[in-house]
Amino acid sequence: MFRLSLAEHSGDVAGVFRALVDLPGIRGRLARLAGVTDLPEVWIERLALLVFLHDMGKVNRGFQARADVSAPPIGHIGPLRAIFGSRPVDRLQQRVAEVMQAERLDAWGDDMPELLDVVFSHHGAPWDRDRDGMQEEIHWRAAGGYDPMLALADLWEHAVKAAPASMVTSGPPLPKAPAFHHAIAGLIQLADWIGSAGWKRIRDKQGAQHWASQQLAAIGMDPQPWRTALLGKPLVFDELFGYPPHPHQQGCAEMPGAVVILEAETGSGKTEAALWRFINRFKAGSVDGLYFALPTRTAAVQLHQRVVRFAQAVWGDKAPDVVLAVPGYLDDAGAHAGLPAAPDRLDQPENDARLPARWASEHPKRFFTAMIGVGTVDQVLMAGLRTRHAHLRGASLMRHLLVVDEVHASDHYMQQVLQQLLEDHVQAGGETLLLSATLGREQAYRLLQAANGLRPEPKGGDRLKAAQAVPYPLLSGAGSNTVTREVASTAAPKAVQMAWATLLDDPTGIARMATEAANLGAKVLVIRNTVNGAVAVQRALEQMVPQDRELILRVNGHSTLNHGRF
């Protein structure tokens with residue numbers, strides 16, 4: 001085990017932050033959120049200096065005293081209220097302002113207090129700056145031969161040395177944009193996790209940022225090696241999937257828009273359409289990765305193997321790991337399958353035991369740091385809720401193509417969260433593909449509205465007519481406007497008939513109708529929404545159907561029914 005000084009750890013985290021911002025996908029997303037074409041270098045330097053100071057609270061005397069295991073557990077965020085909290089300025093705060101050259105920092109922009117709040121919230125939740133910090137003052141007073149102010153001055157000197165260009169007097173002020181601040185908060189949290197991971201440091205003359213860049217490549221966050229491998233290599237649908245593309249699959253890759261919806265029959269190849277769009281957008285540099293979100297864990301596990309085969313068809317034995325983003329499942333399908341697995345430490349996200357290439361799969365909050373991930377939609381939705389480390393999830397996801405399969409399979413609450421998440425994702429320049437066989441028109445309108453500037457939703461009696469007039473299968477794309485494109489169906493024609501029957505409280509009548517249809521060769525599914533109702537129909541069926549006929553579902557020779565309670 002090795003130990004780092006506070007300055008060394010701070011330099012590692014600042015170096016990782018700089019390396020993250022140097023990734024073209026992340027840099028482009030940040031520029032979009034800041035409302036500029038590219039980030040000025042002086043902004044990056046100044047942000048790196050602030051990131052260097054993320055753990056400055058550790059110089060307080062109470063935290064330093066914890067070298068003695070019997071000392072009280074004083075933290076490093078709460079005591080910051082004494083010097084940065086909402087309280088009248090006193091001599092202690094004046095000393096901190098002198099050490100940190102506050103007048104120069106104030107010249108960086110009007111939102112320096114907000115940016116410091118972002119930095120001090122690097123543990124995944126907003127720090128409580130508004131509580132009274134009077135009781136924390138004691139931790140900043142010199143005693144026992146230790147002066148926290150001298151330690152802070154030393155840390156400040158290391159920070160300036162690590163980001164010297166931050167001190168230039170010219171340059172535009174840092175952007176006062178809340179969405180930009182949210183993204184920076186997520187990147188700081190991510191940088192802290194990567195910079196704190198238990199990998200051996202190789203310190204050389206090229207500095208922490210060079211080490212950090214190598215580490216990002218090792219954990220799969222830098223997509224450039226895999227994008228470079230595609231240069232000069234034609235992408236052929238037939239070679240990847242074994243058959244020529246259907247119209248909706250080819251159209252999916254070509255459809256413009258930050259939000260694209262593909263509505264087509266079950267079994268028509270929507271998954272292949274999504275993968276085909278991803279690899280084309282990835283090669284073009286529009287996205288840096290893929291997260292494929294499904295409604296259930298079972299569906300995610302099954303699709304994971306298909307995506308692994310797709311990645312291997314594209315990159316061969318150099319394929320990136322495809323992370324199975326389902327908590328509790330061990331991902332053994334990637335390139336490092338077969339390596340001895342260490343115990344998961346899901347409650348200790350900074351305590352890593354596996355190789356860097358498996359880093360993204362070790363903790364649910366890291367899933368989106370993988371270049372390609374397949375998992376459940378709830379992992380995505382948590383990036384849109386006020387949950388711990390939501391910023392980390394969102395900042396990691398913003399560079400990806402987000403594919404949501406069976407997008408119709410959600411309740412009203414999930415729809416609202418997903419819509420807000422799509423708005424945030426698109427605002428950052430992210431791209432989304434939504435797949436469904438049975439998406440309602442009103443939900444489709446709302447999801448497309450996440451891309452802004454869209455046609456109004458039909459009102460009143462026109463809603464049903466408008467829905468009936470929409471063709472199917474259908475591709476819809478939304479960016480500055482909405483484009484829809486009817487595509488040819490690949491499914492065989494079929495006739496569907498529906499009929500009403502007043503049998504809800506008649507289990508014998510339900511059983512009789514089901515038995516008659518089954519005797520004619522039909523496949524029958526009876527769905528009841530209560531356990532008692534299901535059991536009543538099951539008993540009626542068992543009385544009607546002879547035991548020697550396997551007309552009813554059987555398990556180990558016994559007729560039975562499916563229910564989550566069993």
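Key figures
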{"item": "Calculated [θ] (222 nm, deg cm²/dmol) that DSSP helices of n ≥ 4 give over the chain, each run adding -39,500 (n - 2.57)", "result": "-12500 deg cm²/dmol"}
{"item": "Cross-link pairs Lys176/Lys283; Lys233/Lys365; Lys494/Lys523; Lys283/Lys318 - those with Cα-Cα distance over 26 Å", "result": "Lys176/Lys283; Lys233/Lys365"}
{"item": "DSSP beta bridges in the chain [antiparallel fraction, %, rounded to 5]", "result": "35"}
{"item": "q = 0.10 Å⁻¹: log10 I(q)/I(0) that the Debye formula gives for the chain, counting C-alpha atoms only", "result": "-0.93"}
{"item": "Spin-label pair Val531/Asp238, simplified geometry with 7 Å Cα→Cβ offset, distance in nm", "result": "5.6"}
{"item": "Förster radius 45 Å - calculated FRET efficiency between Thr296 and Ala217 (Cβ-Cβ, nearest 0.05)", "result": "0.85"}
{"item": "Å² of accessible area per residue within the chain, as computed with a 1.4 Å probe and no ligands counted", "result": "48"}
{"item": "Whole-Å semi-axes of the ellipsoid equivalent to the stretch 350-444 (Cα gyration tensor, √5λ, descending)", "result": "26, 14, 12"}
{"item": "With Cα atoms, 0 to 90° folded angle of helix 412-427 axis to the chain main axis", "result": "50"}
{"item": "Length-normalised contact order for the chain - Cα pairs under 8 Å, 6+ apart - percent", "result": "15"}
{"item": "Theoretical FRET efficiency, 1/(1+(r/R0)^6), r = Cβ-Cβ of Trp500 and Asp22, R0 60 Å, to 0.05", "result": "0.40"}
{"item": "Percent of beta bridges antiparallel (DSSP, the stretch 395-535, rounded to nearest 5)", "result": "55"}
{"item": "Helix axis angle, 270-283 relative to the chain longest principal axis, alpha carbon, degrees", "result": "30"}
{"item": "Computed lengthening from Ala522 to Gln312, 0.36 nm per intervening residue step minus Cα-Cα distance", "result": "71.5 nm"}
{"item": "Inter-site label distance for Asp110 and Gln250 at 7 Å from Cα along Cβ, in nm", "result": "5.4"}
{"item": "Net lengthening on full extension, Val69/Leu553 (0.36 nm per residue, minus Cα-Cα)", "result": "168.0 nm"}
{"item": "Residue list for the stretch 57-88, given a label point 7 angstrom along the Cα-to-Cβ vector of Asp130 and an amide N cut-off under 14 Å", "result": "85-87"}
{"item": "Using alpha-carbon coordinates, inclination of helix 6-22 to the longest axis of the chain, degrees", "result": "50"}
{"item": "Long-range amide H partners of Ile372 with built H, under 5 Å", "result": "Leu290, Val323"}
{"item": "Cα-based radius of gyration of the stretch 67-133 once divided by 2.2 N^0.38 Å, which approximates compact folds", "result": "1.25"}
{"item": "Gained length - Arg512 relative to Val168, 0.36 nm times residue gap less alpha-carbon distance", "result": "115.4 nm"}
{"item": "Heavy-atom accessible surface of the chain: percent carbon and sulfur, 1.4 Å", "result": "54"}
{"item": "Kirkwood Rh, Cα atoms: Rg over Rh of the stretch 1-55", "result": "1.08"}
{"item": "Residues of the stretch 109-148 with amide N under 16 Å of the 7 Å Cα→Cβ point at Lys176", "result": "109-117"}
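The values are calculated or read from the model by the stated rules, or taken from the named source; none is laboratory data. These numbers come from a predicted model, not from an experiment. When we count neighbours, we look across all protein chains shown, and the Cβ atoms used for this are built from the backbone with ideal geometry, even at glycine. Calculation scope for accessible area: heavy atoms of the full protein, side chains included, ligands and nucleic acids excluded. Shrake-Rupley method; radii C 1.70, N 1.55, O 1.52, S 1.80 Å.
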